[in-house]
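To keep things clear, I will list the structure first and then write my remarks on it.
Bear in mind that the values in this text are calculations on the coordinates, not laboratory data. Predicted model, so just to flag it, every value in this text is computed and none were measured. When we count neighbours, we look across all protein chains shown, and the Cβ atoms used for this are built from the backbone with ideal geometry, even at glycine.
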């Protein structure tokens, strides 16, 4: 198959624009963090996280360019599965963010490093660098919180796990920004451990999200049954579709797999019917564009003797 189904063409275009805006606005966050981080561990951790958070947006844009391409001799089934590959890359990036934050926070606490936030001269006036750090961190909260909230409904509409992982990355960004603010304030009150504890606090949650997404991405690449957008359970759409197909062809074995945002079905032990029901009928109240194809094969036709 090739192209983007008409029912999702507009939200797909909105997602593309949103990912370009993500690269731009998160670029401003990275710049603000770089010029104000000083020796703060929380700031350094947040900076690395913000840089890694660009990965899902970049991979989505690359996948979006390849996904609509027509089949070729080298890729006879088209490029729809590129979204699955991009999902795995994004999930690994999210996992790396959590692992980095955990390592940096834990190692600094164990070493009992005492970060300092010195004064700086700005426009001829001496001021505490912590205020600039807090301003940069506040910006790192506003931007990803706004972008993440905008991406979630589009990800649901497109059944796009890459976009959903990107929204999770934005959530990790703004949560780390809030934790970083608490860390800087803690340093100001002489609590040396607050900076690293703030960087460590959110790492466990990020690690869990990254691990769950890697499991789902691996299942998708291994032709596993379609999974939910959140979590590794089989999607409700897939269960309903399997039930409808089994009711229509009870003599066969129904198998479903997910390729990118699409569901492909196989009815084994079923002769190809003269007329295949339209996707709207087979999908019921679920989006018809999700059903990429349904194949029929007599018993044993797919087995190699």
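A compact table of results
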| quantity | calculated |
| --- | --- |
| Antiparallel DSSP beta bridges within the chain, percent to nearest 5 | 65 percent |
| Among beta bridges that DSSP assigns inside region 236-297, antiparallel share in %, nearest 5 | 55 percent |
| Ascending count of other beta-carbon atoms within 10 Å, so fewest first, for 110, 4 | 110, 4 |
| Order by protection proxy (mean Cβ within 10 Å, highest first), peptides 174-180, 26-32 | 174-180, 26-32 |
| Label-point separation in nm, residue 240 to residue 146, each point 7 Å along Cα→Cβ | 3.6 nm |
| Angle between the chain longest axis and helix 192-201 axis [Cα atoms, degrees, rounded to 10] | 10 degrees |
| Protection proxy ranking of 94-103, 163-172, 69-78 - average other beta-carbon atoms within 10 Å, highest first | 163-172, 94-103, 69-78 |
| Helix axis angle, 54-66 relative to the chain longest principal axis, alpha carbon, degrees | 30 degrees |
| Exposure proxy ranking, count of Cβ atoms within 10 Å, fewest first, for 234, 187, 62 | 62, 234, 187 |
| Neighbour-count order for 270, 162, 143, 204, fewest beta carbons within 10 angstrom listed first | 204, 270, 143, 162 |
